[in-house]
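Student: One structure, pasted below without further comment.
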Amino acid sequence: MTDTVAVVGTGNMGAAMVARLRAHGRPVVVFNRSPDRAAAVAARTGAEVATSAREAAASAGVVLVSLADDAAVVAVYGDLVSGLRPGTVVVETSTVSPQTVRALAAPVRDAGAALLDGPVSGSVPVVERGELTVLVGGDAAALDTARPALDTFASTVLHLGPLGAGATMKLVVNGVVHALNQAVSEALVLAEKAGVDRHAAYGVFTSSAVAAPFVRYKQAAFEDPDGTPVAFRLDLVAKDLALLAELAAAHGARMDQADTNRRLVGEALAAGFADRDISAMAAFLRRSYDSA
Ligand SMILES: NC(=O)c1ccc[n+]([C@@H]2O[C@H](COP(=O)([O-])OP(=O)(O)OC[C@H]3O[C@@H](n4cnc5c(N)ncnc54)[C@H](OP(=O)(O)O)[C@@H]3O)[C@@H](O)[C@H]2O)c1
């Protein structure tokens, strides 16, 4: 089995994964819908560029997929699957619905390969530190094959059950992340309005009972929104919250807080914040006050 890892999707997360794989000496082949983005990642990391998902998959023992949403995943898998070799393991790291992942299992299996769902918790700086958490559903033996590749950027790999269990838990845990993001945004802007310096206020968050990893790694983005690169766009947050609402509806679960957060993110998108970072919910709130 080849040592090469294919990374399909070189967006913010995929590109960061490629850099870690290369830093660990793994041969990597990348494919991205927009070739310029793949070429830029290859130039930075020494990865090879494939001209299709099929070509990328054909050269790899492990294929990591990192795409925006369910539509992107469905659009890419037909071509990707046609390149798979027997024994290859595909890890679907995108945040997508559990049904989408389960529907992809049969074609991957028919190619003699195996599919795992392995969505990730953490963001670009967490990948860069090799401290991502991967939430895995699927076959344990397939995970053994994929694990060395995952270990280049993840410090925690949790095997949660059959295919779909990882995707389910990713939506569940993101309900908490998005609640935390909204709470931090509101609290920070309140502190500023009440006359406390932004950096001093955030320093309290990182030194107090609320100092979760998310609160710590988003410090630069919250304190310096214009000077910090976008790590996780608000349109993808809206996608997560829509998938979470779908999951909750399927199970008859009440999600009052997530519903509120979804409405507020929708307002931010309508105000032109779709391409801004998740932490820009604070900037959106500041702007609402300014225009009130
Ligand atoms: N960023 C984070 O902090 C973070 C954290 C945890 C999980 N995630 C999840 O990880 C996944 C990737 O996130 P990201 O932040 O890396 O997103 P991103 O920077 O927007 O990258 C999205 C990727 O999807 C591709 N894509 C979008 N629509 C497509 C389509 N119809 N057909 C083919 N390719 C398509 C894009 O290709 P182009 O370059 O051609 O547009 C790009 O490669 C998402 O599911 C996200 O929810 C992100």
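Student: For the stretch 170-193, indicate whether the set of residues that are open to solvent by 60 Å² or more (accessible area, probe 1.4 Å) and outside any helix (DSSP H, G or I) is non-empty.
Tutor: No.
Student: Another question, then. How many residues are in a loop (DSSP other than H, G, I, E, B) and open to solvent by 10 Å² or more (accessible area, probe 1.4 Å) when one looks only at the stretch 69-92?
Tutor: Summing the residues that are in a loop (DSSP other than H, G, I, E, B) and open to solvent by 10 Å² or more (accessible area, probe 1.4 Å) in the stretch 69-92 gives 5.
Student: Another question, if that's okay. For the subset of the stretch 1-48 comprising residues that are of a type in the set (S, T, Y) and modelled with pLDDT of 95 or more, which member is most open to solvent (accessible area, probe 1.4 Å)?
Tutor: My answer is S34.
Student: Would you check which residues across the stretch 117-141 are away from the ligand (no atom under 12 Å from the Cβ) and assigned to a strand (DSSP E or B) and list them?
Tutor: V136, G137
Listed here are the residues, each with its yes/no results for (1) assigned by TED's automatic domain parsing to the domain that holds L188; (2) within 15 Å of the ligand (Cβ to nearest atom); (3) in contact with a Lys or Arg (Cβ under 6 Å, 6 or more places away or on another chain).
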{"residue": "L241", "(1), (2), (3)": "yes, yes, yes"}
{"residue": "E246", "(1), (2), (3)": "yes, yes, no"}
{"residue": "A270", "(1), (2), (3)": "yes, no, no"}
{"residue": "I278", "(1), (2), (3)": "yes, yes, no"}
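Student: Ok, one more. Identify the residue in the stretch 142-167 that is touching a helix residue (DSSP H, G or I) at 6+ places or on another chain (Cβ under 7 Å) and open to solvent by 40 Å² or more (accessible area, probe 1.4 Å) and, among all such residues, is nearest to the ligand (Cβ to nearest atom).
Tutor: Restricting to residues being touching a helix residue (DSSP H, G or I) at 6+ places or on another chain (Cβ under 7 Å) and open to solvent by 40 Å² or more (accessible area, probe 1.4 Å), the top hit is L160.
Student: Moving to a separate point now. Which numbered condition trips up A75, out of (1) free of Cβ contacts under 8 Å to residues at least 12 places away in the same chain; (2) on the phi > 0 side of the Ramachandran plot?
Tutor: With (1) free of Cβ contacts under 8 Å to residues at least 12 places away in the same chain; (2) on the phi > 0 side of the Ramachandran plot applied to A75, the lone miss is (2).
Student: Please find, within the stretch 49-68, the residue that is farthest from the ligand (Cβ to nearest atom) out of those that are in a loop (DSSP other than H, G, I, E, B) and open to solvent by less than 50 Å² (accessible area, probe 1.4 Å).
Tutor: So the residue we want is G61.
Student: Let me ask you something else. Name the residues in the stretch 145-185 that are of a type in the set (S, T, Y) and either outside the structural domain of E131 (by TED's automatic domain parsing) or under 15 Å from D240 (Cα atoms) (or both), would you?
Tutor: T168, S185
Student: Please verify whether the stretch 177-193 includes one or more residues that are away from the ligand (no atom under 16 Å from the Cβ), out of contact with any Gly (no Cβ under 8 Å at 6 or more places or on another chain), β-branched (V, I, T) and on the phi < 0 side of the Ramachandran plot.
Tutor: yes
Student: Take L264 and decide whether it is open to solvent by less than 60 Å² (accessible area, probe 1.4 Å), part of a helix (DSSP H, G or I), modelled with pLDDT of 95 or more and within 21 Å of V126 (Cβ to Cβ).
Tutor: No: the conditions fail for L264.
Student: Please enumerate the residues belonging to the stretch 214-234 that are assigned to a helix (DSSP H, G or I), out of contact with any Pro (no Cβ under 9 Å at 6 or more places or on another chain) and either modelled with pLDDT under 95 or buried (at least 17 other Cβ atoms within 10 Å of the Cβ) (or both).
Tutor: The answer is F214, V215, Q219, F222, E223, L234.
Student: Another question about this same structure. Only one of R54, R26, R85 is in contact with a strand residue (DSSP E or B) (Cβ under 6 Å, 6 or more places away or on another chain) and more than 21 Å from V237 (Cα to Cα). Can you tell me which?
Tutor: The conditions single out R26.
The values are calculated or read from the model by the stated rules, or taken from the named source; none is laboratory data. Not measured: the values here are computed from a predicted model. For neighbour counting, all protein chains shown are included, and Cβ atoms are generated from backbone atoms with ideal geometry for every residue, glycine included. Calculation scope for accessible area: heavy atoms of the full protein, side chains included, ligands and nucleic acids excluded. Shrake-Rupley method; radii C 1.70, N 1.55, O 1.52, S 1.80 Å.
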